[in-house]
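Heads up: the structure comes next, in structure tokens.
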Amino acid sequence: MNIPDMYLKDGMTRKRIATLTGLTEAQVKDILAVAGAYKRSRHAPPVSKEQFLQHIAEGLTTPEIALMYGVSVPHTHRMRRHYGIPTDRPLQNTRPKDILTWTLSPHQHEVLLGTLMGDSSVHRVGPREAYRFSCFHCTAQREYLNHKVKVLAPFVWQPVESEDTRTPGTTYTGARVQSFTHPVFAPYRELFYKTGEKRYTPEIASRLTPTSMAYWFMDDGGASGKVLVLGYHTVRDDLVIVQAGLLARYGVRLRIDRHSDDFFRLVASDKPSRAWLRDTVGDYIQE
């Protein structure tokens, strides 16, 4: 018998395991400690109520949620009771049975690359290897967010009203779009977050297409005085990589300048580079 599985997956108590295996409760405790299966906490659930409701909205079953977070099914049921979530809560967005057969189109790959250069992200859900795409836009950009939903269908579900508080002292009101957890997003997590933080690499720079740059521009850039801003980033050296990649691939020379204490920006500042940027991304901009 696998004692850690009996404890974590089947939800048995140490006393029950001892009775079934003929061991003492102290021996069971030692085996669990060696296996790293420490005491289940009823007071610190591994998933917040908001995350739990989101998983339910995606159509995940209780056993699937339990597997995602490495806890037992009974423990997951206790979390539902703890949060006051009824077991017959109607599903908002049923997770399709054929979801693992879905693949991204070439256009969707280009869009993902561009929007991940900007405001979007891919994050891991729970301790397992499950990944989800996410993006937030303020109320003024709602039409653009709705456009993203259409472009990335059927992987993403409808926008949810939300707030963004990542900027200290500032709260932005808008809406957030998230995807189903899906393996197609794992390579993008690896591509952009090798160090845990979003970074640009030569591989990313070499893959930027006009479509990708248009979505980076719509996410993060725009006109600023006499220059056109392709995008912003916190690490100047990363923008140097992109700058070099665009020069090598497209023969255009963009400039990097400091936008604030925390951000640098990649800009088309002279007449030739502004003309190139307008001509390159103009047909892909969503009005």
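The values are calculated or read from the model by the stated rules, or taken from the named source; none is laboratory data. On a predicted model such as this, the values are computed, not experimentally measured, just so you know. Here Cβ is always computed from backbone atoms with ideal geometry, including for glycine, and neighbour counts include all displayed protein chains. To get the accessible areas, we keep the full protein, side chains included, count just its heavy atoms, and leave off ligands, DNA and RNA. Shrake-Rupley method; radii C 1.70, N 1.55, O 1.52, S 1.80 Å.
Within segment 3-23, how many residues are in a loop (DSSP other than H, G, I, E, B) and either out of contact with any helix residue (DSSP H, G or I) (no Cβ under 9 Å at 6 or more places or on another chain) or in contact (Cβ under 8 Å) with a residue 24 or more places away in the chain (or both)?
Summing the residues that are in a loop (DSSP other than H, G, I, E, B) and either out of contact with any helix residue (DSSP H, G or I) (no Cβ under 9 Å at 6 or more places or on another chain) or in contact (Cβ under 8 Å) with a residue 24 or more places away in the chain (or both) in segment 3-23 gives 4.
Of the conditions (1) modelled with pLDDT of 80 or more; (2) among the acidic types (D, E); (3) over 20 Å from the mean Cα position of the chain (by Cα), E110 satisfies every one except a single condition; which number is it?
(3) is the only condition that E110 fails.
Name the residue, out of G221, G282, that is within 20 Å of F136 (Cα to Cα), open to solvent by less than 80 Å² (accessible area, probe 1.4 Å) and at pLDDT below 95. Reasoning before the result, please.
On the way: G282 fails: within 20 Å of F136 (Cα to Cα).
Testing whether each residue is within 20 Å of F136 (Cα to Cα), open to solvent by less than 80 Å² (accessible area, probe 1.4 Å) and at pLDDT below 95 leaves just G221.
Which one of the conditions (1) surrounded by 15 or more Cβ atoms within 10 Å (Cβ to Cβ); (2) modelled with pLDDT under 95 does E161 fail to meet, given that it meets all the rest?
Result: E161 passes all but (1).
Quick check on my filter: what residues within segment 234-271 are exposed (fewer than 13 other Cβ atoms within 10 Å of the Cβ) and part of a strand (DSSP E or B)?
Within segment 234-271, R258 is the sole residue that qualifies.
Residues that are within 30 Å of R253 (Cα to Cα) and touching a residue at least 12 places away in the same chain (Cβ under 8 Å): find the strands (runs of 3 or more DSSP E) completely inside segment 119-233 holding 1 or more of those.
121-124, 131-138, 222-224, 227-233
Can you pull out the residues in segment 190-216 that are open to solvent by 10 Å² or more (accessible area, probe 1.4 Å) and over 21 Å from S105 (Cα atoms)?
Result: Y193, K194, T195, G196, E197, K198, R199, T201, P202.
Of everything in segment 87-107, what is open to solvent by 30 Å² or more (accessible area, probe 1.4 Å) and either acidic (D, E) or modelled with pLDDT of 75 or more (or both)? Give them in sequence order.
Narrowing segment 87-107 to residues open to solvent by 30 Å² or more (accessible area, probe 1.4 Å): 87-98, 100-103, 105-107.
Residues satisfying the conditions are D88, P96, K97, D98, L100, T101, W102, T103, S105, P106, H107.
Confirm whether V281 is of a type in the set (V, I, T), more than 24 Å from K194 (Cα to Cα), in a helix (DSSP H, G or I) and in contact with a Phe, Trp or Tyr (Cβ under 7 Å, 6 or more places away or on another chain).
yes
Can you tell me which of (1) touching a strand residue (DSSP E or B) at 6+ places or on another chain (Cβ under 8 Å); (2) surrounded by 13 or more Cβ atoms within 10 Å (Cβ to Cβ); (3) within 17 Å of D219 (Cα to Cα) is the one R124 doesn't meet?
Condition (3) is where R124 drops out.
Name the pairs: first residue in segment 48-61 and open to solvent by less than 50 Å² (accessible area, probe 1.4 Å), second residue in a helix (DSSP H, G or I), Cβ to Cβ under 7 Å, at least 6 apart or on different chains?
Close Cβ pairs (under 7 Å, with a partner that is in a helix (DSSP H, G or I)) amount to F52/M79; F52/Y83; H55/I65.
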